[in-house]
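Notes follow the structure.
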Amino acid sequence: MRDKKLPPDLKNQPLSRGADTRASAVEAFVRQARALAPKRAGEGAGRLILALDATMSRQATWDLACSIQAEMFDAVGKKDSLNVQLVYYRGFGECRSSKFVSDTTTLKNLMTRIDCRGGQTQIGKVFAHALREHAREKVNAVVFIGDAMEENVDLLAQKAGEMGLKGVPLFIFQEGHDGAVTTAFKEFARLSKGAWFRFDRNAAGELARLLSSVAVYASGGLRALEARNKPEDRLMLEHLGRKPG
């Protein structure tokens, strides 16, 4: 009768101290074995979504992104430390995503096969996709590069807030100086606990450095940024509300 008072998951379990000790020893052994086991390529790596507006006005920026995306992989150093998924929208309702890849050559090959086409923005689909991916396996960061926002700002803000609650920060790079877009993009970054930056296609080096900082954050968090401690890392930390040490 005594076991009826135990929680269901403890019924029929040995209650002696010796059995508990042996079970603890087995658990400790299993944990150690898992820690020593070699990881598969990409397993445990940071996951970053690179999302771009591929509407007609974006071709020059797309070409630039193709040429500098290697900075993300170079920044994290070790092979298989970062997995990147390409997401883009263009044309009439077209929004697509690639598989996650762990090297710059594969990502560049994916990007160079895509041309920009006219159409409306589909930022809501990007945010919703990021949340679905995160539900399957943690997404450490989302980079979005765009110059326009033609959707319901409140609905997008709600999704950005969900991303913030789930730990999926948005790093938004805005091209152009549209005031309404700036206000919206800054709010999305704030709600997601990410950061907003002005993107100048003539400052390719600056964009490359900032992308490298996002990659470092995606693969190792704030501590990795603090440890690398480059000027762009300190700038990223400031935007994330953390004063560099």
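The values are calculated or read from the model by the stated rules, or taken from the named source; none is laboratory data. Everything quoted here is computed from the prediction, not taken from an experiment. Positions of Cβ are backbone-derived with ideal geometry, glycine not excepted, and every protein chain shown enters the neighbour counts. Note: accessible area is taken over every heavy atom of the protein model, side chains too, but ligands, DNA and RNA are not part of it. Shrake-Rupley method; radii C 1.70, N 1.55, O 1.52, S 1.80 Å.
Can you confirm whether Gly164 is touching a residue at least 12 places away in the same chain (Cβ under 8 Å), on the phi < 0 side of the Ramachandran plot, in contact with an Asp or Glu (Cβ under 8 Å, 6 or more places away or on another chain) and in a helix (DSSP H, G or I)?
On the way: touching a residue at least 12 places away in the same chain (Cβ under 8 Å): yes; on the phi < 0 side of the Ramachandran plot: yes; in contact with an Asp or Glu (Cβ under 8 Å, 6 or more places away or on another chain): no; in a helix (DSSP H, G or I): yes.
For Gly164, the condition - touching a residue at least 12 places away in the same chain (Cβ under 8 Å), on the phi < 0 side of the Ramachandran plot, in contact with an Asp or Glu (Cβ under 8 Å, 6 or more places away or on another chain) and in a helix (DSSP H, G or I) - is not met.
Scan segment 193-201 and give yes if some residue there is under 15 Å from the mean Cα position of the chain (by Cα), open to solvent by 60 Å² or more (accessible area, probe 1.4 Å) and closer than 30 Å to Asn152 by Cβ, otherwise no.
Going through segment 193-201, the residues under 15 Å from the mean Cα position of the chain (by Cα) turn out to be 193-196.
Now drop any that are not open to solvent by 60 Å² or more (accessible area, probe 1.4 Å), which leaves 193.
From the residues that got through so far, the ones that are closer than 30 Å to Asn152 by Cβ too are 193.
Within segment 193-201, one or more residues are under 15 Å from the mean Cα position of the chain (by Cα), open to solvent by 60 Å² or more (accessible area, probe 1.4 Å) and closer than 30 Å to Asn152 by Cβ.
Scan segment 76-85 for residues that are buried (at least 23 other Cβ atoms within 10 Å of the Cβ) and either within 26 Å of Met149 (Cα to Cα) or of a type in the set (D, E, K, R) (or both) and jot them down.
Val84
Just for segment 41-75: of the residues that are modelled with pLDDT of 90 or more and more than 25 Å from Glu232 (Cα to Cα), which one is surrounded by the most Cβ atoms within 10 Å (Cβ to Cβ)?
Ala54
When only residues in segment 98-117 that are among the basic types (Lys, Arg) and part of a loop (DSSP other than H, G, I, E, B) count, which is modelled with the lowest pLDDT? If you could, list the steps in order and put the result at the bottom.
Within segment 98-117, the first condition is being among the basic types (Lys, Arg), and the residues that meet it are 99, 108, 113, 117.
Cutting the leftovers down to part of a loop (DSSP other than H, G, I, E, B) gives us 113, 117.
Numbers: Arg113: 90, Arg117: 93.
Taking the candidates together, the pick is Arg113.
Looking only at segment 130-148, count every residue that is surrounded by fewer than 21 Cβ atoms within 10 Å (Cβ to Cβ) and in contact (Cβ under 8 Å) with a residue 24 or more places away in the chain and tell me the total. Reasoning before the result, please.
Start the filter on segment 130-148 by keeping residues that are surrounded by fewer than 21 Cβ atoms within 10 Å (Cβ to Cβ), which leaves 131-138, 147-148.
When the remaining residues are screened for being in contact (Cβ under 8 Å) with a residue 24 or more places away in the chain, the result is 131, 133-134, 137-138, 147-148.
Summing the residues that are surrounded by fewer than 21 Cβ atoms within 10 Å (Cβ to Cβ) and in contact (Cβ under 8 Å) with a residue 24 or more places away in the chain in segment 130-148 gives 7.
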